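Undergrad: This is the structure I want to talk about, given as structure tokens.
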Amino acid sequence: MPENVLDCLVIGGGPAGLTAAIYLARFRRRFQVVDAGASRAALIPTSHNHAGFPEGIHGKALLSRMTEQARKYGAHIVHGRVTDLERRADGVFVARVGPDRIAAHTVLLATGVVDREPDLPDVPDAIQRGLVRHCGICDGYEVLGKRVAVIGHGSSGLHEALFLRTYTADITLLSLGCPLTLSRDERRAAAEAGIAVVEEAVERVVVEGDQVRALAMRDGECRSFDALYSALGSDARSMLVHDLGTRLDDKGCVVTDEHQRSSTEGLFAAGDVVRSLDQISVAMGQAAIAATAIHNLLRGVPSPKEAPDDTLSFSPQNLCSCCSSPEAGRR
Ligand SMILES: Cc1cc2nc3c(=O)[nH]c(=O)nc-3n(C[C@H](O)[C@H](O)[C@H](O)COP(=O)(O)OP(=O)(O)OC[C@H]3O[C@@H](n4cnc5c(N)ncnc54)[C@H](O)[C@@H]3O)c2cc1C
């Protein structure tokens, strides 16, 4: 049986992976999206800065609409986690998803990042309710004139606090018990901006009604805020490409060129996993660029018209022959 190699494997089905799916499907490429189902976008209560939705849009609704649009053009999007990614000597990528292996000429890494959350009770629920926030660019407008706390260590927390200062004069910078390690200049900048700095350990978030109302400090003091921004950073989900030797920056994000090509031939990256502004519009734009570059790169590969229709699923014929085993492909 001839080896069946997809044009592209898209790893991740957030805004980046789904945008790529829409483009690749309309380019009539043979590809598959494998998604583990933990998109940051799914956490967005309502996005008000994503263009085209004057009333705002819930993150899950956006993902669902994008999925529907991609499927309309034949995209195959499956739930699963890619646990291993190799590049063979002939340049073909082989990904492992549970017992299955998928072979593809190109890979688009769209795996995003994971936020470092404050270790506080009720935080996941508070995120869903928009009480704990992660991104002043996304939703600073919604805290105009409100009492805002920022949790972070050192400079990153201060930068977020200074960014939010354009929206409200009532900002408090909190630590999680570690020293804030602000330099003298940074402390002066905070003071000049009227940002209060509190170093006592945060014990818990208290949600009252529809807002975050209080943070209990270890010393027993309680302070009330309308919103809490976490500025603890995030970790790029780039582990899959470590063994490929793909170039990453000091934060673990994939370094790409203007066509979203990584340093590994055939491997592209888009969205939060790439060092850039972590925004839906950026993820979508990068994915559009990547999908188009992938399509152009594959022009020499048999055209989609010649490809059989039944190859876009986790089926034995979709696996590379060298990897096919009785277990592989069962699903
Ligand atoms: C609370 C919150 C509010 C936000 N609000 C806004 C906003 O209003 N406007 C805005 O523009 N941005 C907002 N953002 C940022 C926005 O959500 C991200 O920029 C966007 O989701 C990035 O898209 P992505 O596709 O790169 O990554 P993600 O959306 O995170 O998707 C990555 C996907 O890859 C999957 N994945 C990871 N590893 C694997 C693997 N090994 N195998 C298979 N699948 C894998 C994950 O499960 C996930 O589904 C917000 C973020 C948060 C947390």
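The values are calculated or read from the model by the stated rules, or taken from the named source; none is laboratory data. Keep in mind that what you see is a predicted model, and the values were worked out from it rather than measured. Counting neighbours? That spans all protein chains shown, and the Cβs are built from the backbone with ideal geometry, glycine included. Only protein heavy atoms, including side chains, enter the accessible area calculation; ligands, DNA and RNA are left aside. Shrake-Rupley method; radii C 1.70, N 1.55, O 1.52, S 1.80 Å.
Undergrad: For Ser234, which sequence-distant residues (separation of 5 or more, or a different chain) have an amide H within less than 5 Å of its own amide H, given hydrogens modelled in the peptide plane?
TA: Those qualifying (amide H under 5 Å, at least 5 residues apart or on another chain) are Arg116.
Undergrad: Once you charge only the Cβ atoms, +1 for Lys and Arg and -1 for Asp and Glu, what is the size of the charge dipole of the range 77-167 about its Cα centre, to the nearest 20 debye?
TA: Numbers: 11 positive and 12 negative charges, 30 e Å.
Value, rounded to 20: 140 debye.
Undergrad: For His48, what is the net charge nearby, where nearby means another residue's Cβ is under 9 Å from its Cβ and Lys, Arg count +1, Asp, Glu -1?
TA: Combined, the nearby Lys, Arg, Asp and Glu give -3.
Undergrad: Same structure, new question: Using θ = phi - 60° and the Karplus curve 6.51 cos²θ - 1.76 cosθ + 1.60, what whole-Hz ³J(HN,Hα) does each residue of the range 32-37 get, with Gly and Pro shown as x?
TA: 9, 9, 10, 10, 7, x
Undergrad: Keeping the other protein chains in place, figure out the carbon and sulfur percent of the accessible area of the range 223-289, with a 1.4 Å probe.
TA: Working: 1390 of 2920 Å².
For the range 223-289, the apolar C and S fraction of the accessible surface comes to 48 percent.
Undergrad: Same structure again: Mind putting a number on the dipole of the range 1-146 about its Cα centre? Charges go on the C-beta only, +1 for Lys and Arg and -1 for Asp and Glu, and I need it in Debye to the nearest 20. Mind dumping the intermediate values first?
TA: Working: 18 positive and 16 negative charges, 105 e Å.
Result for the range 1-146 is approximately 500 debye, rounded to the nearest 20.
Undergrad: Next question, about the same structure. Compute, for Thr111, the solvent-accessible surface of its heavy atoms (probe 1.4 Å) with the complete set of protein chains present, and express it in square angstrom to the nearest 10.
TA: The accessible area comes out at roughly 20 Å².
Undergrad: Give, in nm to one decimal, the length gained when the segment between Ala196 and Asp257 is fully stretched (0.36 nm per residue of separation minus the Cα-Cα distance). Write down the numbers at each step before the final one.
TA: Values: separation 61, 0.36 × 61 = 21.96 nm, distance 4.09 nm.
Length gained, Ala196 through Asp257: 17.9 nm.
Undergrad: Could you check the simple spin-label distance between Glu3 and Asp90, using points 7 Å along Cα→Cβ, in nm with one decimal?
TA: 0.3 nm
Undergrad: Where the accessible area of the range 71-178 is counted over protein heavy atoms with a 1.4 Å probe, how much of it, in %, is carbon and sulfur?
TA: Using a 1.4 Å probe with all protein chains present, the range 71-178 comes out at 51 percent carbon and sulfur.
Undergrad: What is the calculated FRET efficiency for Lys72 to Asp243, with r their C-beta to C-beta distance and R₀ = 35 Å, to the nearest 0.05?
TA: The calculated FRET efficiency here is 0.45.
Undergrad: Go through the range 4-11 residue by residue and turn each phi into a ³J(HN,Hα) via Karplus (6.51, -1.76, 1.60, θ = phi - 60°); whole Hz please, and just put x for glycine and proline.
TA: 9, 10, 5, 5, 8, 10, 9, 9
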